[in-house]
1. Take the Cα pairs of chain C, get the Kirkwood Rh, then feed it into Stokes-Einstein at 20 °C and 1.002 mPa s and tell me D in µm²/s.
2. If you take the Cα Rg of the stretch D:105-262 and divide it by 2.2 N^0.38 Å, with N the number of residues, what do you get?
3. At D:Ala80, label 7 Å along Cα→Cβ: distances to the other copies, nm, ascending?
4. Would you mind giving the mean number of other chain beta-carbons within 10 Å of the Cβ of each residue in C:225-236, as a whole number?
5. Which percent of Cα pairs goes in each bin when the distances of the stretch D:2-93 are cut into 10 angstrom slices starting at zero?
6. Who wins for biggest fluctuation among B:Ala125, B:Ala269, B:Ala33 in a Gaussian network model of chain B, springs between alpha carbons below 10 Å?
7. Let me understand the protein assembly as shown better: what is its radius of gyration from the alpha carbons, and its Dmax, in angstrom?
8. If the cut-off is a Cα-Cα distance under 15 Å, which aspartates and glutamates reach A:Lys85, setting aside same-chain residues fewer than 8 apart in sequence?
Amino acid sequence: MSAPDLSITLAGIRMKNPVMVASGTFGYGPEYADLVDLSQLGAMVVKGISSEPWRGNQTPRTVEVASGLINAIGLQNPGAEGFLKTYLPFLRRFDVPVIVNIWGRTVEEYAAVAARLSAAEGIAALELNVSCPNIKEGSKSFGSNADMFQRVIAATRAVTKLPLIPKLAPDVFRIAEFARLAEATGADALAITNSVPAMAIDIETRRPKLANVTGGLSGPAIRPIAVRLVWEAAKAVKIPIIGMGGIYTAGDAAEFFIAGASAVAVGTANFMEPATPLNVAAGLRDYLARHQLGSIRELVGTLAC
Amino acid sequence: MSAPDLSITLAGIRMKNPVMVASGTFGYGPEYADLVDLSQLGAMVVKGISSEPWRGNQTPRTVEVASGLINAIGLQNPGAEGFLKTYLPFLRRFDVPVIVNIWGRTVEEYAAVAARLSAAEGIAALELNVSCPNIKEGSKSFGSNADMFQRVIAATRAVTKLPLIPKLAPDVFRIAEFARLAEATGADALAITNSVPAMAIDIETRRPKLANVTGGLSGPAIRPIAVRLVWEAAKAVKIPIIGMGGIYTAGDAAEFFIAGASAVAVGTANFMEPATPLNVAAGLRDYLARHQLGSIRELVGTLAC
Amino acid sequence: MQLETAIILDHRDYGAGYRLLRLAAPQIAPQVRPGQFVHLRIPRLEASVLRRPFSIFKAENGELALLYKAIGRGTTALSAATVGEPLSLLGPLGNGFPLDLPAGRVPVLVAGGYGMAALYLLARRLAAPGLVFVGGRSAQDILCVEEFEALGWKVYVATEDGSRGVRGLVTGPLDAWLAEGCAGRTPEFFVCGPNGLLEVIGQRAMARDWRAWLSVDRHMGCGVGACLTCVVKLQDTDGTWLWARACKDGPVFESRQIHWDRIEEEA
Amino acid sequence: MQLETAIILDHRDYGAGYRLLRLAAPQIAPQVRPGQFVHLRIPRLEASVLRRPFSIFKAENGELALLYKAIGRGTTALSAATVGEPLSLLGPLGNGFPLDLPAGRVPVLVAGGYGMAALYLLARRLAAPGLVFVGGRSAQDILCVEEFEALGWKVYVATEDGSRGVRGLVTGPLDAWLAEGCAGRTPEFFVCGPNGLLEVIGQRAMARDWRAWLSVDRHMGCGVGACLTCVVKLQDTDGTWLWARACKDGPVFESRQIHWDRIEEEA
Ligand SMILES: Cc1cc2nc3c(=O)[nH]c(=O)nc-3n(C[C@H](O)[C@H](O)[C@H](O)COP(=O)(O)OP(=O)(O)OC[C@H]3O[C@@H](n4cnc5c(N)ncnc54)[C@H](O)[C@@H]3O)c2cc1C
Ligand SMILES: Cc1cc2nc3c(=O)[nH]c(=O)nc-3n(C[C@H](O)[C@H](O)[C@H](O)COP(=O)(O)OP(=O)(O)OC[C@H]3O[C@@H](n4cnc5c(N)ncnc54)[C@H](O)[C@@H]3O)c2cc1C
Ligand SMILES: Cc1cc2nc3c(=O)[nH]c(=O)nc-3n(C[C@H](O)[C@H](O)[C@H](O)COP(=O)(O)O)c2cc1C
Ligand SMILES: Cc1cc2nc3c(=O)[nH]c(=O)nc-3n(C[C@H](O)[C@H](O)[C@H](O)COP(=O)(O)O)c2cc1C
Ligand code: FES
Ligand code: FES
């Protein structure tokens, strides 16, 4: 039998393998390029970009907890122009699809960054981070309010031809409903899941361990939650799902594929082992061979229950 | 300075210390009684009781994951009569408040079990597990649908004078809203949080690791999520909160108190170390002394941010 | 049942891929009855929330011995525990095997895997020796044969690849012995091994109205009856079934107690 | 920067509560410049998702030496690593100290805690010896004095309890030396220690237009500039501030670069 085929086409994007990196955990490209050949990634997903540069939160910004990390970076980024000038040319040197994670504080800001990035060459898709609170309409988050969620997708859809990948917030308990809304509003794929709202307290000072008080929990701790979200969403929609949350090994990734993901992303694991995405891809190939599956596509959604 | 005072009065119940056990992790009393003096617990919270006996799910029912446990016991229990006959007389031999966790598949079932238990002597309060799906109105869970949530509390409130402690589901992302609803509907305290919906897949057989497919994640993995939920709820309501989720040490418990809990419960930790509730209580006493606090009540809600 | 901090006295390879763990456990050891188990906290298994259950291979002079195989995260981590290290034990747990056989019965032990370790203590404590049937994939999976022989037990070995004893399943030599009329005696079975083995022996016993005491291996949470993880279906008086907890009500059940339609293997 | 699986050559107490860890790291060691660090994966720290950063104390002949104190979960677990064990290193990371001092400058090293270890490699690589000021709570906190003296450096020690050197803060002897006119030379400061110390020395340097190279200790995630955990405020050209990453753009910054209103201590 020839080696199993890892290649996929997701939302029209051809990828050599289905293992991407998760936004915010692999920088903009140069940071890990000495250690990892970016051309071997399924896709490079860069840290969230907004229309203008943004400083993000004060420090401390991350704290390690049991089998996880809470982060409250606060979406620090160089803005669309900064990204296009400083990082996109670097990324284009590699043979890898570049997916730009975007965010805004208003519907207009989402549309603005989407429009600006669409004008550039060399971006394969936009991933919409909807986990940020809307500054205009109180602190309601785009990702957990059905109406605002839909408006953000519609507004970006209107200004770009690039594939759109809304990234769902895990505090959406009606995940199937939000997945269907996204599909109906023109999303090409879904990314599931972002980190889970969480906090930690320094009991000696009685202060929050993060300057922002709360942050998002990622890492192995959330994997069982993420697998469940992917499974529920996959039953609800036809568009492909990029699964993520605590993936460290090919076995972890296989859980997501079996639950219904068409691709996966490696996040927090990169901090411990930068080669994790490559190792996961190689391990998936072995797994497929062992299970006599010719292609990763044959694994998707095969949960027997 | 005299030893710090750990005693509290919660929803009218006097407790020697604020460290209870979490429903479903300490059985009905006899299971751990050889190892732990039940009289030293803040309160004994028994596994969920329904009006009729219930067999629960098929096996496997639990699976260990990173820093956590997923359980799908399926609420197996001997029913109200069985509990009153077999276990309550045993529990009454100890000098400890007995809190009975109850559940139903319809509003009527909640009311029925509440009414039956209220007729008995020796129960200090009822904890309402609202994380079960309503069989009458599709699979909507009582705990994540505001209307059904309120109806369940109102219906039990109508049939009992016992203090009522709704136990919130962690998939309620608008936790403050649900906490306020509970308070407005006559809840005397809140228990936060139940386990987090999750799943795990056996990648060799491609079957779910739990017979029920999904289950609830508990243990250290969810602690940062639980602390955040308690903090958000505590800002929203005046009634006391019993915090739980991954408490293993006095330090873990202190996080919950600082976030706004008036009491805590130890769950999954009992499986590793049955004396955890007692150790946590002792450790809290030391912590209070070290921080020159005369009473545990002085620690509640003291987060500086 | 109690919690005890035992100290590791010895820890070494025992053959057949097993490790022998000898512990000083002066409180628990004297209480142990054959078929009981201990729930062990594995050191340095930071991300784990459960103890691991192990049958008791030997219990004498304030010492316990366990025989285990490194098959997963916990048992692999346990392999690294060193002499002198403390180990937290919860035990002895469960109901063991009955020791008082009716007159004229010959004890017939049937084992697979670590079952030989679990049954060895029974063999030591029974009044008179009987027979042992043990099966495995190959010679490397067969444990403790010499120990049983030293006690005067007759041991029949079957391996799937024929590398030790007869080729085939353990039911081969057993059925042969049964066909020969059990040397004129009534067997009383004691079985410890994969659930499939329990079922096969249970069926044979029930067919002839003999008794078979089966030690059930279920995944466990608390080990004391509180969490309801380890449940097994037993026959109810009304023809339906009810749950029993392997940890507290078992792990040993007589084959007639069990509701056979669903004692599935847990991977 | 690369990933290397180093092998532990030696691991022992070093005094002052520190442990010395010697590693065979033939790929990383030759690349190291003073002030750089390695990001280390702590073995058996199952529930941890981050590496831990450590300054490089020595780097020669394909070997690295680190000096660390067991202050938390990671460093405590590291203490149990044994000779021969493999350790995953990411490094060398960050920009080190400048080695080419302008003519006439005397290097003045100021350290607290593990700072002495981080500055020792600098002392070895600088062309000519200078002065070292080191502070701590008591004699037990003072590291490496003999090592610096062996290189011909003059070491001033201050302890808060007076158990070694002069009583008080390290600024005591330093200010005395400054007041005496610095022996007629212009100091160039190199500082590694708590952020409070960096600030105090930075202010003194800026007041007289000297340069102070400050090695900033920030909690770190990735260590390579990707996660934006370790950020420090630097002066922007327009009078406001911008973030720099201690791991990638630092950890060494010249005091004028830093936006001083907020370089808080991380507990
Ligand atoms: C009553 C009883 C007695 C036992 N006696 C012995 C013995 O004497 N020697 C021996 O080698 N083994 C024995 N086992 C099996 C032993 O408990 C498992 O091999 C062990 O739990 C595997 O743990 P792990 O962390 O290495 O495996 P993992 O697969 O990493 O464990 C993950 C989870 O699955 C559970 N698990 C995995 N395999 C089994 C299994 N076969 N049975 C029950 N739970 C399992 C673990 O307890 C844990 O909760 C016994 C089991 C039971 C129930
Ligand atoms: C550039 C740099 C160089 C360092 N060099 C040395 C050295 O040579 N010798 C030495 O003993 N220590 C050094 N440290 C500090 C060392 O990294 C911490 O002591 C160590 O991370 C503590 O880990 P822990 O798991 O034991 O502590 P825990 O408190 O259990 O760690 C929890 C988290 O906090 C972080 N953390 C805790 N304390 C510190 C700290 N002081 N600085 C940064 N992060 C911290 C950990 O990295 C981890 O992410 C250095 C730190 C930095 C940033
Ligand atoms: C430090 C850090 C920064 C992150 N930044 C972003 C971001 O900018 N945009 C985004 O959509 N997700 C961001 N995430 C979330 C990750 O992309 C991913 O969804 C989440 O961490 C779960 O995956 P993991 O458990 O594999 O890390 C960030 C996560 C971490 C840990
Ligand atoms: C095995 C098991 C059974 C449980 N059964 C119940 C139950 O019957 N009713 C209920 O409200 N919560 C139940 N819970 C949830 C716990 O009471 C608790 O809310 C949750 O486990 C979080 O706390 P922990 O992380 O300390 O375990 C159960 C949890 C476990 C692990
Ligand atoms: S293991 Fe908990 S009831 Fe048996
Ligand atoms: S530690 Fe990640 S950017 Fe510095």
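1. 114 µm²/s
2. Dividing the Cα Rg of the stretch D:105-262 by 2.2 N^0.38 Å gives 1.05.
3. Counterpart label points of D:Ala80 in the remaining copies fall at 0.8 nm.
4. 6
5. In whole percents, the pair-distance histogram is 18, 56, 25, 1.
6. B:Ala33
7. Here Rg and the maximum Cα pair distance are 32.1, 110 Å.
8. Counting by Cα, and skipping residues close in sequence, A:Lys85 has these aspartates and glutamates nearby: A:Glu52, A:Glu121.
Here, each number is a calculation from the coordinates, and none is a lab measurement. Computed from a predicted structure; not experimentally measured. So basically every Cβ, Gly included, is an ideal-geometry build from the backbone, and we count neighbours across all protein chains shown.
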